[in-house]
Amino acid sequence: MNVYNYRQYGWSNINNDYKIYLQNNKKTFGVPDWVNYKETNSAIYNSFAADFTSSTKQALARILNPNNKLQVLIYNGQNDFIVNTPGVLAYLNSMEWQYLKEWKATPKKIWSEYGSLNLGWFKKYRNLNFVMVRNAGHFTPADQGGSVWRMINRYFLNSW
């Protein structure tokens with residue numbers, strides 16, 4: 001089983017088109033020519049090792065403060081085994097946030113485009129947006145690039 005997408009086996013099913021896209025579009029993103037895209041970097045990964053077990057709930061609750069106008073988007077791939085949707089929802093539903101009761105009572109809504117294309121579901125209350133992306137794993141942008149594009153557009157246009 002692929003731990004990044006439990007509906008896949010082995011690593012050969014991971015779409016690597018994004019690597020080529022990033023490497024070929026450095027100028028568009030203002031990245032110097034001498035920089036080469038590298039998928040993983042052990043030194044950076046190890047530098048963040050202590051953060052993996054640290055909770056960010058208090059920081060997220062501060063960001064969601066009603067005086068803060070920032071919109072927060074958290075998304076999850078439906079098939080992600082490592083960071084699974086039920087776990088993320090349990091995390092969000094256990095925050096110490098003054099609007100937690102209202103957040104929990106807010107229903108999930110089907111996210112569809114063009115009247116019939118089911119891309120997943122979303123839940124929004126005040127400035128907290130959560131999206132579950134259908135048929136995607138841990139590498140959601142690689143698995144469902146079109147859905148992620150639509151999700152980001154909806155986020156920036158505040159059209160959930």
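Of the helices (runs of 4 or more DSSP H) contained entirely in region 1-120, those carrying at least 3 residues that are under 15 Å from Met132 (Cα atoms), in contact (Cβ under 8 Å) with a residue 40 or more places away in the chain and not small (Gly, Ala, Ser) fall at 85-92.
Looking across region 14-59 at every residue that is modelled with pLDDT under 85 and in contact with an Asp or Glu (Cβ under 9 Å, 6 or more places away or on another chain), the one that is farthest from His138 (Cα to Cα) is identified as Lys19. When Trp97, Trp121, Trp103 are checked against the criterion of being at pLDDT below 95 and aromatic (Phe, Trp, Tyr), Trp97 stands alone in meeting it.
Of all residues in region 121-160, those that are in contact with a helix residue (DSSP H, G or I) (Cβ under 9 Å, 6 or more places away or on another chain), surrounded by fewer than 13 Cβ atoms within 10 Å (Cβ to Cβ) and in a helix (DSSP H, G or I) total 1.
Per-residue answers, yes or no, for (1) surrounded by 10 or more Cβ atoms within 10 Å (Cβ to Cβ); (2) within 23 Å of Arg150 (Cα to Cα); (3) touching a strand residue (DSSP E or B) at 6+ places or on another chain (Cβ under 8 Å):
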| position | (1), (2), (3) |
| --- | --- |
| Asn16 | yes, yes, no |
| Ile44 | no, no, no |
| Ile74 | yes, yes, yes |
| Gly77 | yes, yes, yes |
| Asn84 | yes, yes, yes |
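Just checking, which of Gln58, Gln98, Gln23 is touching a Pro at 6+ places or on another chain (Cβ under 8 Å), of a type outside the set (A, V, I, L, M) and more than 22 Å from Arg154 (Cβ to Cβ)? Result of the check over Gln58, Gln98, Gln23: Gln98.
The values are calculated or read from the model by the stated rules, or taken from the named source; none is laboratory data. Quick caveat: nothing in here was measured; it's all calculated off a predicted structure. Neighbour counts run over all protein chains shown; Cβ positions are idealised from the backbone, glycine included.
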